[in-house]
Amino acid sequence: MTTRRIETEPIDGQKPGTSGLRKRTSVFMRPGYLENFVQSIFNAIGGVHGKTLVLGGDGRHFCREAALTILRVAAGNRAERILVGRGGLLSTPAASHLIRKRVADGGIILSASHNPGGPEGDFGVKFNIANGGPAPEGVTAAIYGQTRIIGEYFIADDPGFDLDGEAGGTADLEGMTVEIVDPVADYRRLMQELFDFDAIRALFRTGFTMRFDGMHAITGPYAKAILEDDLGAPAGTVVNAVPLPDFGGGHPDPNPVWARDLMDLMMSDDAPDFGAASDGDGDRNMIVGRGAYVTPSDSLAVLAANATVAPAYAGGLKGVARSMPTSRAIDAVARDLGIDVYATPTGWKFFGNLLDAGRVTICGEESAGTGSDHVREKDGLWAVLLWLNILAERRRPVANILRAHWADFGRHYYSRHDYEAVDAEAAASLISDLRGRLPDLPGTSVNGMGIVAAEDFAYDDPVDKTTTTGQGIEIRLDGNARMIFRLSGTGTEGATLRVYLELFEPETDRQAQETQAALAPLAETASVLCGLTERLGRTSPDVMT
Ligand code: VG1
Ligand code: CO
């Protein structure tokens, strides 16, 4: 077997966004495209000679072929060892854990997260650093820089490697050791350490019922092993549990729109006590009680307020963090606990430094990402297990816990409205024009609502002192309301405008409104303020979560 040096041209890359590089699967399948991008990653991190990397993905179309190609490029670059999930599979949180546990130099995760998969769908490559977290801005910028100047890549000949071999087994590839790891085992052990499995088992023994929807994506095998085998949930609790290359034709995005079946069940007379789902790569979560959907922002706040029931957090939280657009429900909890709360730009990479520095224990995003310092990624199943631990302790329905939380802390009505696949230039100018008007907005009123403050969010990282600008336009209004305008960094078609709406309601007797109804005047104001209909030709959002 030999390694070849292949001459190549810079690729049509783009700066890896909030979660790595995402493109149509067909783009990643172009001859040399994946090889170029992976070589660019290696070049950007000073090569991989002598290094150990973790590799795995969410099982979507092209994952297996991509894993085999990446093994060959790693061998061509003389990496020391690659730990690859059996079948090329690893959830994002499991990959993060494995990097940390095995003290690897980093990892490559193959996923476009909640974006649909398949030949017509999306594929993605994400690079994580040695702390187990997504590459920070400096690294993604360096990777992008390399994609613009790359002229060659190195690749070992096709080894015909068996990705389905026995876990623990190793093979030699041009002097590089490839080790197959069980994708579930280490992660499962970690969860057993964090949570009170006895208490949760006892909860299931009382006849507590649950449905977990794996959405035909990566979390299925993890959920089956932990919920059904370890915790004694009845067989069939986990549905859509086998990862499929096209996710069964669905959108593996755990929200009321895309996890419709689960939502319908939970709102019906046959609803189990608890429902949950996770996304393509296993880092997001949806939490829903019987007749009660829990918004990700509320879930984050409830988890933080009750975390001490779990052994891992019994000593209290050091601090908490949320992305700026995430509702301030968690801020109220932090005030009550007397701990710090940090607001970061969107994207998990911004939590890494805070977690590494021991400033925060729990963090989360409005987009259904919640996690803690146990790994450096958001973790869907972790959130589900913490909820279960809380339910095992409190023995009250989810709806009840939620209402009590609002009564204690006030309710933050919250929704995100997405305008998808809009004209990229129109969306960019909508944002830049709004940005230009920011200094004039405070003190004025739009659609009958007074603007208190308007800013273009910039983040000063308190740990590494870097500044990141242009992270979303935040408008604060009278009555403790807020709206944020931001362009998505993960879409693959045109642009996606996200409008985030938040309204604080301290009065218990006004906390029972339907979310969209409560937010309707604010949504109207947002639309008027940015000239949404004229500029984008849209009168209503594509998705409201
Ligand atoms: C979206 C979410 C963001 C999340 C990111 C990656 O980014 O809004 O909160 O961190 O996806 O999540 P954007 O730029 O499209 O708004 V995942 O589950 O794709 O790793
Ligand atoms: Co994801």
For the chain, report the convex hull volume of the alpha-carbon atoms normalised per residue, in Å³, without decimals. 139 Å³
Using unit Cβ charges (K, R positive; D, E negative) and no other charged atoms, how large, in debye to the nearest 20, is the dipole of region 324-445 about its Cα centre? 540 debye
Just to check, using Stokes-Einstein with a Kirkwood Rh over alpha carbon pairs, what's the diffusion coefficient of region 411-544 at 10 °C and 1.306 mPa s in µm²/s? 102 µm²/s
Which residues does a label at residue 480 reach in region 503-529, if reach means a backbone N under 13 Å from a point 7 Å past the Cα toward the Cβ? 503-511
Ranking 232, 306, 247 by how far each Cα lies towards the positive end of the charge dipole of region 187-409 (+1 on Lys and Arg Cβ, -1 on Asp and Glu Cβ), the top one is 306
So what does the Cα-only Debye profile of region 187-409 read at q = 0.07, 0.10, 0.11 Å⁻¹, as log10 I(q)/I(0), no solvent term? -0.19, -0.39, -0.48
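Leaving out ligands, DNA and RNA, what percent of the accessible area of region 3-182 is carbon and sulfur, probe 1.4 Å?
Numbers: 2960 of 6350 Å².
In region 3-182, the share of accessible area belonging to carbon and sulfur is 47 percent.
Expressed as a whole percent, how much of the Cα-Cα distance distribution for region 161-210 exceeds 13 Å? Write down the numbers at each step before the final one.
Values: 849 of 1225 pairs.
Pairs farther apart than 13 Å: 69 percent.
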Suppose all protein chains stay in the model; what accessible area per residue would a 1.4 Å probe give for the chain, in Å²? 36 Å²
Tell me the label-point distance for the pair residue 264, residue 80, using the 7 Å Cα-to-Cβ offset, in nm and rounded to one decimal. 5.3 nm
Please state, as a whole number in µm²/s, the translational diffusion coefficient that the Stokes-Einstein equation yields for region 207-328 at 25 °C and 0.890 mPa s, with Rh defined as the Kirkwood radius across alpha carbon pairs. 160 µm²/s
Magnitude of the Cβ-charge dipole of the chain, K/R +1 and D/E -1, about the Cα centre, nearest 20 debye? 660 debye
In nm, the gap between the two label points placed 7 Å beyond Cα toward Cβ at residue 30 and residue 101 is 3.8 nm
Quantify, in whole percent, the carbon and sulfur part of the accessible surface of region 349-389 (1.4 Å probe; protein heavy atoms only). 31 percent
Compare the peptides 326-334, 361-369 by average per-residue count of other Cβ atoms within 10 angstrom and give them in order, highest first. 361-369, 326-334
Within the chain, pairs of Lys residues whose Cα atoms are less than 26 angstrom apart, provided they are eight or more positions apart or on distinct chains, add up to 29
Dipole in debye (nearest 20) - region 411-544, about Cα centre, beta carbon charges: Lys, Arg +1; Asp, Glu -1: 100 debye
Less than 14 Å Cβ to Cβ from residue 537, Lys/Arg counted +1 and Asp/Glu -1: what total charge do the surrounding residues give? -3
Among bridges DSSP assigns within region 187-409, what percent are antiparallel (round to 5)? 50 percent
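Which FRET efficiency, nearest 0.05, do residue 426 and residue 152 yield, Cβ-Cβ r, R0 56 Å?
0.90
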Env charge @ residue 177, Cβ radius under 9 Å, K,R +1 / D,E -1, value -2
Debye log10 I(q)/I(0) at q = 0.11, 0.21 Å⁻¹ for region 94-246, Cα point scatterers: -0.62, -1.47
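Once every DSSP H run of n ≥ 4 in the chain is given -39500 (n - 2.57) and the sum is divided by its residues, what mean residue ellipticity at 222 nm do you get, rounded to the nearest 500 deg cm²/dmol?
Values: 17 runs with 171 residues, N = 545.
It lands at -9000 deg cm²/dmol.
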What is the spin-label model distance, in nm, from residue 144 to residue 257 if the labels are put 7 Å beyond Cα along the C-beta direction? 2.6 nm
List the extent of the Cα atoms of region 19-170 along each of their three principal axes, largest first, rounded to whole Å. 38, 34, 30
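The values are calculated or read from the model by the stated rules, or taken from the named source; none is laboratory data. These figures come from a predicted structure and were not determined experimentally. Note that each Cβ is placed from the backbone with ideal geometry, even for glycine, and that neighbours are counted across all protein chains shown. To get the accessible areas, we keep the full protein, side chains included, count just its heavy atoms, and leave off ligands, DNA and RNA. Shrake-Rupley method; radii C 1.70, N 1.55, O 1.52, S 1.80 Å.
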